[in-house]
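Read through the structure below, which is laid out as structure tokens, and then see the notes.
The values are calculated or read from the model by the stated rules, or taken from the named source; none is laboratory data. These numbers were taken from a predicted model, which means no experiment stands behind them. Every residue, glycine as well, gets a Cβ built from its backbone with ideal geometry; the counts of neighbours run over all protein chains shown.
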Amino acid sequence: MVTSGDNDPGPSPSGGGPVRVPALGVWASGLVSLLLYGSLFVLPVLGVFIAPMAVVPLLQRAGRTGSAMRSWLWIVVLVAGGAVASGSRAGILFVAGYVVLIILPVSAVEMWERTQWPEGRWTAVATLAALVLVLATVVGLAWPAAPVEATARWIQEAGSEAMKLYTSAGVSQGKLQLALDASLPTMKWLMPQLPVAYLVAVLFWIRPRVGFLGFGLSPQPFEAYRSDDWLPAAFAIAGIGTLVLHGSARWVAVNGLGAVLILYFVHGLAIIRAHLARWIGRGWFVRWGVALLCLQFPLPLLVAVLGLGDSFFNLRPSGSSDIGRTT
């Protein structure tokens, strides 16, 4: 279903006149979004790169009409209703992922345009909202067991299924079991960080494209990005909670700290980019090269510390002390 009555032509990339972006209707926008998101489950590797594009038809709809709720609400109602009625944990995870990874970024951009928040605040609010939804989903699925215990059980179940698949391909089962045993103590606490980190990647994929999608927003260059002023307080609260709390309360604090560190990691990447842009430029090889390099442990923690430090002392190149400051 394609409509054109409410579609505004966008600027031509070559300056040769307006380009009309195909405008999907209410139902078609939601359906295309659902199909693209479904690739995350059908295509385990390629789906990771295809699924974020599920936000595009919804963002185009929101850019034209101000809200994409009519396009995604019927999907959530139908899928969630079916999952709850059948008691399917997979169905609940499917719809929860759709809400966190697709609906939340779209709604966050809509809110960003209305509030005109600084980019750091917009990103922090969306990330912490995603964390709350992820933790609530885990608690709901785990009840009445503790979320950490339930997560450990789910990881072991998934590991057993994966070992059957890899063993049939000739991979040593002993090595897989050792890897699972080594990662379990950490992953049972930090598993919620995986969808949160994925959401942050989606947000920063959307960020430079919001103008083309029909929103009246003008993001700054990435090297100008700064975390919001209140994020150090969230870091301190989550850090203290990680040290002094126990059980499920500590699980919440640990994941809160992890979400804050993800945001500071992005902040640190912006600082590195600001320095490299002066000497190497802003080409795609600079963006991807630095990001991939900084993902090698223990560099993520060091980059996050760099972002945290920039909240108190300017670590940007000289002459850029005010770039990206929040108001």
Going through segment 210-256 in order, the residues found to be within 16 Å of the chain's Cα centre (by Cα) and in a helix (DSSP H, G or I) are Asn255, Gly256
Of the residues in segment 42-87, those that are more than 15 Å from Val32 (Cα to Cα) and part of a loop (DSSP other than H, G, I, E, B) come to Leu43, Pro44, Val45, Gly66, Ser67, Gly87
Exactly one of Val200, Val254, Val260 is modelled with pLDDT of 85 or more, among the β-branched types (Val, Ile, Thr) and not assigned by TED's automatic domain parsing to the domain that holds Leu295, and that residue is Val200
Residues of segment 90-119 being of a type outside the set (A, V, I, L, M) and in contact with a Pro (Cβ under 8 Å, 6 or more places away or on another chain), in sequence order, are Gly97, Glu119
Selection from segment 98-141 of residues of a type outside the set (Phe, Trp, Tyr), on the phi < 0 side of the Ramachandran plot and outside any helix (DSSP H, G or I) yields Pro118
Requested in this report: Go through the residues of segment 68-83 one by one and say whether even a single one is surrounded by 13 or more Cβ atoms within 10 Å (Cβ to Cβ), under 22 Å from Trp205 (Cα atoms) and at pLDDT below 90.
Outcome: no
*Hey, any hits in segment 268-278 for a residue that's exposed (fewer than 14 other Cβ atoms within 10 Å of the Cβ), within 17 Å of the chain's Cα centre (by Cα) and either at pLDDT below 85 or assigned by TED's automatic domain parsing to the domain that holds Val210 (or both)?*
no
Expected single match for on the phi > 0 side of the Ramachandran plot and modelled with pLDDT under 85 among Gly25, Gly5, Gly10, Gly15 is Gly15
From the option list Met69, Met53, single residue qualifying as more than 27 Å from Ile237 (Cα to Cα) and more than 18 Å from the chain's Cα centre (by Cα) is Met69
So, first residue in the same structural domain as Val305 (by TED's automatic domain parsing) and surrounded by fewer than 19 Cβ atoms within 10 Å (Cβ to Cβ) in segment 221-232, second residue of a type outside the set (Phe, Trp, Tyr) and part of a loop (DSSP other than H, G, I, E, B), Cβ within less than 7 Å, six or more apart or across chains; the pairs are Ala224/Ile323; Ala224/Gly324; Asp229/Thr326; Pro232/Ser311
